[in-house]
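This report refers to the structure that appears directly beneath it.
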Amino acid sequence: MFHHWDKWIKHRFQKGIPSSLRARAWQMLSNSYELIEANPGKFEELEREQGEAKWLDIIEKDLHRQFPFHEMFAARGGHGQQDLFRILKAYTIYRPDEGYCQAQAPVAAVLLMHMPAEQAFWCLVQICEKYLPGYYSAGLEAIQLDGEIFFSMLRRTCPMAYRHLKKFKIDPILYMTEWFMCIFSRTLPWSCVLRVWDMFFCEGVKIVFRVGLVLLKQMLGSVDKLRELQGMYETMERLRNISPDFIREDLLVQEIITLQVTEALIERECSIQVRKWKESRGELTHRPGRRLHGTRAIFEYKRRAAAISSGGSLSFMGNPIPPPGPLRNSSRSPQYLTLWRILLTQGSGQRVQSPAPNLCGPDPPTIRWVVTPPGHHVSRWFHMSQGVNCG
């Protein structure tokens, strides 16, 4: 198992995370848990600050739009809307250069459905800074750049869909902005959203690209599917109101897993598109930080930072991690192995009520979950996913 660690850990998360473990797993995969430990009391400190009135007014107006049929956010001024306001306000103070972007609200709301406000805040910070840097900055240059990358990949993945969109001059920014910036939380059925987010936290932005490419292939990938779409209006209607026929959970997940879109391909295409951008529009106004492709990249980044610092010790959730050796592309790095060992041995933390069934449906049916005592539940999940009878 350890000789093929990357494949093994990705395979586990592709199967879906049990709902009772999801909050803890997302925090561990994103390394947001350590931000809480490194910044005790920071969230409360941000809450106490006044904040800029222009951002607070916009946030107030957006609160009731986030999952209005979910019990957490149904009541105006209810605890869900209050916590959502706290998170979004805190982010505008934490990152005054970015402020607030409306697409952050549904992302924060999904996190809040699974964990308390402080944990959700630091998880949001990791998404904005490590997974999707620049997406929520003024000008939206990062998402426009990814739109060009996405369209170039569509040309290779599904030429028929590419030609159709190009024929009617439907730019990616017209349909993929909400997909990518909200991580499909407003697009897919709830069970699919959770499966996508599980893989996203593990593998990074390539999952977002894959989901978008799979959706276009499903909706525009054959002559029969294009027969009804005689113009731009009909095409945009299909892209904005995706039929359930195109997003069956098992089929969608399988297509995402098998689609050959890698980190290297995204980065290579990004270099090409940045060069084209400079030639046609000049320098980027807001240059985003380095994008980290999933949990392994986050821990490698931390490992390198520890190696550069003078004798800095490396730990994860208070557990010591061996000092880094030579930097290498090994899937058996001690830091990465320690991540999963901790997840296999520690408790699941606070459980938060899942979304209302009448809004989103049940959790993915492929996971049979039985609550077990702390310290045993993740091992049980592992054995069940291997087809072992746990009794």
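Between Glu98, Glu141, the distinction of being farther than 21 Å from Lys54 by Cα, at pLDDT below 95, surrounded by fewer than 24 Cβ atoms within 10 Å (Cβ to Cβ) and more than 12 Å from the chain's Cα centre (by Cα) belongs to Glu141 only.
Here Ser191, Ser185 are screened, and the one residue that is within 19 Å of Gln66 (Cα to Cα), assigned to a loop (DSSP other than H, G, I, E, B) and polar (S, T, N, Q) is Ser185. If we keep just the residues of the stretch 68-94 that are over 21 Å from Cys128 (Cα atoms) and of a type in the set (D, E, K, R), which is surrounded by the most Cβ atoms within 10 Å (Cβ to Cβ)? Going through the qualifying residues, I end up with Glu71. Among the residues making up the stretch 118-139, those that are assigned to a loop (DSSP other than H, G, I, E, B) and not hydroxyl-bearing (Ser, Thr, Tyr) are Leu132, Pro133, Gly134, Ala138, Gly139. Restricting to the stretch 152-199, count the residues that are within 17 Å of Gln218 (Cβ to Cβ) and of a type in the set (A, V, I, L, M). Going through the stretch 152-199 one residue at a time, the tally reaches 10. For the stretch 101-115, filtering for residues that are in contact with a helix residue (DSSP H, G or I) (Cβ under 8 Å, 6 or more places away or on another chain), in contact (Cβ under 8 Å) with a residue 60 or more places away in the chain and more than 16 Å from Ser137 (Cα to Cα) leaves 5.
The number of residues in the stretch 37-66 being closer than 16 Å to Cys123 by Cα, surrounded by 18 or more Cβ atoms within 10 Å (Cβ to Cβ) and of a type in the set (A, V, I, L, M) comes to 1. Looking for something within 17 Å of Val211 (Cβ to Cβ) and of a type in the set (Ser, Thr, Tyr) - is there at least one such residue anywhere in the stretch 239-253? Yes: one or more hits. Might you check whether a residue that is under 20 Å from Glu98 (Cα atoms), assigned by TED's automatic domain parsing to the domain that holds Met232, over 16 Å from the mean Cα position of the chain (by Cα) and among the hydrophobic types (A, V, I, L, M, F, W, C) occurs anywhere in the stretch 144-160? For the stretch 144-160, residues under 20 Å from Glu98 (Cα atoms), assigned by TED's automatic domain parsing to the domain that holds Met232, over 16 Å from the mean Cα position of the chain (by Cα) and among the hydrophobic types (A, V, I, L, M, F, W, C): present. Looking only at residues of the stretch 229-259 that are β-branched (Val, Ile, Thr) and free of Cβ contacts under 8 Å to residues at least 60 places away in the same chain, we find that the one that is surrounded by the fewest Cβ atoms within 10 Å (Cβ to Cβ) is Thr258. Kindly indicate whether Ala74 is small (Gly, Ala, Ser), farther than 20 Å from Phe201 by Cβ and in the same structural domain as Lys89 (by TED's automatic domain parsing). When the stated conditions are applied, Ala74 passes them.
Looking at the stretch 18-65, the helices (runs of 4 or more DSSP H) lying wholly inside it that each contain 2 or more residues that are more than 24 Å from the chain's Cα centre (by Cα) sit at 42-48, 53-62. Considered as a group, the residues in the stretch 257-300 that are of a type in the set (Ser, Thr, Tyr) and assigned to a helix (DSSP H, G or I) include one that is farthest from Trp26 (Cα to Cα), and that residue is Ser280.
Among the residues that make up the stretch 260-270, is at least one of them loosely packed, with under 11 Cβ neighbours inside 10 Å, touching a helix residue (DSSP H, G or I) at 6+ places or on another chain (Cβ under 9 Å) and within 20 Å of Lys217 (Cα to Cα)? Looking through the stretch 260-270, at least one residue is loosely packed, with under 11 Cβ neighbours inside 10 Å, touching a helix residue (DSSP H, G or I) at 6+ places or on another chain (Cβ under 9 Å) and within 20 Å of Lys217 (Cα to Cα).
The values are calculated or read from the model by the stated rules, or taken from the named source; none is laboratory data. As the structure is a computational prediction, the values presented were derived from the model and not from experiment. When we count neighbours, we look across all protein chains shown, and the Cβ atoms used for this are built from the backbone with ideal geometry, even at glycine.
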